[in-house]
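Taking it in order: structure first as structure tokens, then the write-up.
The values are calculated or read from the model by the stated rules, or taken from the named source; none is laboratory data. Note that the structure is a prediction, hence the values are computed from the model and not measured. Cβ coordinates were reconstructed from backbone atoms using ideal geometry, including for glycine residues, and neighbour counts include every protein chain displayed. The protein model used for the area step is the full one, side chains on, heavy atoms only, and it has no ligands, DNA or RNA in it. Shrake-Rupley method; radii C 1.70, N 1.55, O 1.52, S 1.80 Å.
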Amino acid sequence: MIGISILGSTGSIGLNTLDVIARNRGRFRVVALTANSSDERLAEQCIEWQPEFAVMADADAAERLQRRLHNTESSTIVLAGTEGLEQVAALPQVGYVMAAIVGAAGLLPTLAAARAGKRVLLANKEALVMSGQLLIDAVHEHGGELLPIDSEHNAIFQAMPPPGAAGLDQAGVRRILLTGSGGPFRTRPLESFHEISPAEACAHPNWKMGRKISVDSATMMNKGLELIEACWLFATGPERIEVLIHPQSVIHSMVEYSDGSVLAQLGNPDMRTPIAHALAWPERIDAGVAALDLVKIAGLSFEAPDTERFPCLRLGFEAARAGGTASVHLNAANEIAVDAFLNGKLSFTDIPRVIEHTLEAHTMVPVQDLDTVLAADHAARATAATCIAELS
Ligand code: NAD
Ligand code: MG
């Protein structure tokens with residue numbers, strides 16, 4: 001049985017991961033579950049799964065969880081804070097770590113898993129966007145594995161030559177076609193974008209996800225982050241990646257080869273497919289996902305992306321081309337702007353303004369170590385917050 005730590009077990013990816021594990025109980029053992037502050041939900045999960053450890057990032061929530069578990073049969077040890085998250089990511093009895101915390105908060109625990117040589121199942125794209133080569137190097141140096149959970153990257157991984165093969169050129173890979181649905185506002189009149197509410201932005205047509213990534217999908221910053229994520233995962237530059245709008249979300253991305261072949265991975269838009277793929281790779285297991293009914297779907301369509309409608313996508317490309325800490329600035333400003341939007345403090349159309357202002361205010365430097373990343377993140381957050389205060 002493979003021991004698993006699920007970082008962010010109460011979120012959308014965390015719940016889907018537990019659903020897949022529940023269908024394959026003989027293969028996996030849940031060693032640790034973690035959440036930010038939702039102690040009630042984590043307590044329910046602890047009672048069901050009886051993990052050895054439960055971690056709450058928030059110290060007060062950890063105390064509440066401890067009290068909730070006190071009068072139960074549970075022998076789960078409750079830990080708190082980033083140290084607790086790093087600890088359960090590196091336990092010797094853990095083979096796989098599902099990195100499903102949202103945002104920069106997942107960076108240190110994801111790095112800890114990589115440094116402990118684990119199989120890292122990476123949903124937390126922000127961690128890779130921020131740390132780039134540092135995370136890739138940590139995986140290689142410590143003999144771990146990095147398997148993408150993001151549906152596009154999981155699809156690309158499946159359509160690529162096996163890992164360990166030569167570089168993309170030798171493998172005959174010409175381009176990566178990164179698909180995206182275009183989000184809920186692909187056809188909404190642009191004049192009404194300033195009125196977009198958080199509820200509208202979180203209502204994605206094809207995927208049910210956490211609120212932050214839902215807003216990222218609505219602004220298409222998600223595709224910008226995914227572009228950077230793909231560059232690191234597949235050791236390539238943005239010039240080799242084409243973003244393609246595919247509203248049905250049935251093809252999850254494609255790889256084009258020098259002989260003209262294009263390999264695609266198709267499936268219903270259900271995150272349990274990439275989660276099950278990465279959990280079992282190179283084998284296959286049941287994910288509980290319905291069979292794809294292509295007759296019912298009938299048509300697949302494609303469009304070029306519109307960067308005027310979605311300036312965040314342009315900003316993502318610019319940061320990818322700039323390299324270094326530009327991606328850290330982009331990610332930090334986006335997290336601050338999306339949070340302000342979700343809390344009614346910033347309009348939808350001001351999200352890209354805050355990010356562009358932040359990118360212009362900071363000069364990118366090469367990422368040499370973790371301190372460079374954390375300093376760039378800190379500085380960009382401050383700039384974005386000031387910009388939001390001035391706009392309101
Ligand atoms: P979510 O908001 O539903 O869940 C986030 C989880 O992280 C929760 O368990 C929460 O308790 C925890 N968390 C939040 N802030 C934290 C903090 N400061 N410290 C520690 N834990 C914290 O988010 P999600 O939709 O599950 O997304 C998780 C990650 O997976 C994101 O990086 C997202 O981009 C990526 N992802 C999600 C999907 C999807 O379908 N949901 C698809 C692709 C990639
Ligand atoms: Mg994705």
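What whole-number distance in Å separates the alpha-carbon centres of segment 94-156 and segment 329-392?
With segment 94-156 and segment 329-392 each reduced to a Cα centre, they are spaced 23 Å.
Report ³J(HN,Hα) in whole Hz for each residue of segment 191-207, in order, from the Karplus equation J = 6.51 cos²θ - 1.76 cosθ + 1.60 where θ = phi - 60°; Gly and Pro get x.
Those phi angles translate into 4, 9, 4, 5, 8, 4, 9, x, 4, 5, 5, 8, 8, 6, x, 10, 10 Hz.
If you count only protein heavy atoms with a 1.4 Å probe, what accessible area per residue comes out for the chain, rounded to a whole Å²?
On the way: 16330 Å² over 392 residues.
Value returned for the chain: 42 Å² of accessible area per residue.
Can you give the relative contact order of the chain as a percent, counting alpha carbon pairs under 8 Å and 6+ residues apart?
14
In whole Hz, with x marking every Gly and Pro, tabulate ³J(HN,Hα) for segment 96-101 from phi via Karplus 6.51 cos²θ - 1.76 cosθ + 1.60, θ = phi - 60°.
So the J values, rounded to whole Hz, are 10, 10, 7, 8, 10, 7.
What's the carbon and sulfur percent of the chain's accessible surface, probe 1.4 angstrom, rounded to a whole number? Please list the in-between numbers first.
Values: 8390 of 16330 Å².
Carbon with sulfur: 51 percent of the solvent-accessible area.
Straight-line reach from residue 296: which aspartates and glutamates have Cα under 20 Å away, leaving out those fewer than 8 places along the same chain?
Result set, ordered by chain and number: 270.
Residue 78's amide H: which non-local residues (gap 5+, or another chain) put their own amide H closer than 5 Å, with H modeled 1.01 Å from N in plane and none for Pro or chain starts?
Those qualifying (amide H under 5 Å, at least 5 residues apart or on another chain) are 54.
Which value results when the Cα radius of gyration for the chain is divided by 2.2 N^0.38 Å?
Scaled against compact globular proteins, the figure is 0.95.
If you take every DSSP beta bridge fully contained in the chain, what fraction is antiparallel? Give it as a percent rounded to 5. Intermediate results must be reported in sequence, preceding the final value.
Numbers: 9 of 39 bridges.
Of those bridges, close to 25 percent are antiparallel.
Going from most exposed to least, what order do 296, 345, 212 have by accessible area with a 1.4 Å probe?
Values: 296 165, 345 135, 212 30 Å².
Correct descending sequence by accessible area is 296, 345, 212.
Which value, in debye to the nearest 20, describes the size of the charge dipole of segment 2-148 about its Cα centre when Lys and Arg Cβ atoms bear +1, Asp and Glu Cβ atoms bear -1, and nothing else is charged?
Numbers: 12 positive and 16 negative charges, 91 e Å.
So the dipole magnitude of segment 2-148 works out to roughly 440 debye.
List every DSSP H helix in the chain whose Cα atoms extend 27 Å or more along the helix's own long axis and whose mean Kyte-Doolittle hydropathy is at least 0.0. Write out the running numbers ahead of the final one.
Values: long enough: 370-391 (32 Å, 0.76).
Helices meeting the criterion: 370-391.
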